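To start, the structure under review is shown below, and the notes come after it.
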Amino acid sequence: MSFADLGLSPELVRAVAEKGYAAPTPIQAKAIPAVLSGRDVLAGAQTGTGKTAAFVLPILHKLGRPGSQRAPRALVLTPTRELAAQIADNARTYGKYVRLRTVVAFGGVGIHPQINALRDGCDLLVACPGRLLDLAEQGAADLREIRHFVLDEADRMLDMGFIHAIKRVFKLLPPVRQNLMFSATYSDDIRELAGRFLREPVTVEVAMRNATADRVEQQVFRVPKEHKRYLLAHLINEGNWHQVLVFTRTKHGANRLTQQLEAAGIPAGAIHGNKSQGARVRALADFKACKIVALVATEVAARGLDIKELPYVVNYELPNVPEDYVHRIGRTARAGSTGRAVSLVSPDESSLLRDIERLLRRSLPVAPLPQFAVSAPVAANTPARTQAPHRSTSSDVREPRPVHASRPGAVRPVQHNGRHAPGHGKREGQQQSRHPHERRGAQERHGSHGKPGAFASRGKRRAGAETSPRFRSGKIA
């Protein structure tokens, strides 16, 4: 079967042939005719099997030639900026002979170029929900002409973190439209939720639900958490890995691991939500060009990114959501190639591993730990000072010396009732106030040591007030 047999226009067939697509993948062969028929579609397939072309190609075919109006006629929503940019690039490549206008909109960059692009006219709009709503509120994005609506990575988009934004977008769309949902994973709850937005959809599945690619070699190493970075460096160096995508759970963890790999002599970069769009694009470009060996990422990179012939994926930390494991390792073994997915599992992650195995309906092989060097902490390298054994005697017990309260780190002895013991912390010759109210009033007027201006009345500081960390608002901390 060829793309021409699916009913696509000659211009689109020519474009995909130049892209190097010889024949449609199973998901494309089943989904493209369903989309061309005008039905709503709920499609699931293994990551890396060509889901993007499965909905972009038939939508471009149905759009035909550029419209006379400026408002977009098709909308694709994605969860991440990188995925939005990738889909828009593919749409421009597929549609270069039909001259359809594609605009991409996401946050992290200036909004005015996107406003200008929409004013110039748009046929296909690829966007992230937050920026799309911003454009709609400013009157720059008119969604009343949308005829085809796609939720890509639908499981994450319909997640509780996105559902409110999705509902707001739905209210801006016309009631009559074609709805498409594409993703590699679908939980039963997500399928039930998706059923509310689809009208008698055609369900397209080409593999077992939540399955991983057959060509991914999966492996687990049981390793203490504090030894993970040393094992990772060992695997990269000894295995001569030239390109590896490493996943962490947190942004700070990604930054920390990147610094640790750099310190070990391994060129590395980080990509996550706290990075600017420019920094994320540069890191991804350097990784694709093999200028860096390890790209450390959070889930932001797990959705739809297509890195050609990526050989290795490492789960430095297992994901909290087992379906995310499928997306993570789906970055390798794409388009018929092979790949390897390694998971470093610490004892506290055993329950997460069980959840993943339950989702996959099989156990993951555990490999024996290789011998690798573990550097001792800096503190351990510092020689400890040795002292001769000392026994306490009665002569060692001395009365505590009065400590001046303004001295950093000084602590006043206190009585059992919590008040300061009389006489401690006072200069020689100072008279202790007999009444607490008198003592408090003296502090407000003169400061705790008789220094004028140390505290303002009612606990407010004056200019040049005492800055000792033991005092807060005129009271002893």
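Just so it is clear, none of the values below were taken in a lab; they were calculated from the coordinates. Remember, predicted model here, so these are calculated numbers, not experimental data. Glycine gets a Cβ as well: all are built from the backbone with ideal geometry, and neighbour counts include every protein chain shown.
Taken along its three principal axes, the alpha carbon spread of segment 90-182 comes to 37, 26, 25 Å, from the longest extent down to the shortest.
Listed by Cβ neighbour count within 10 Å, with the fewest neighbours leading, Glu137, Glu200 appear as Glu200, Glu137. Each eigenvalue of the Cα gyration tensor of segment 1-101, multiplied by 5 and square-rooted, gives one semi-axis; in descending order these are 19, 17, 14 Å. Here the convex hull built on the C-alpha positions of segment 216-376 has a volume of 110 cubic angstrom per residue. Both numbers refer to the Cα atoms of segment 1-48; Rg and Dmax are 11.2, 30 Å. Once the mean of 1/r is taken over each pair of separate Cα atoms and inverted, segment 4-205 shows a Kirkwood hydrodynamic radius of 16.8 Å.
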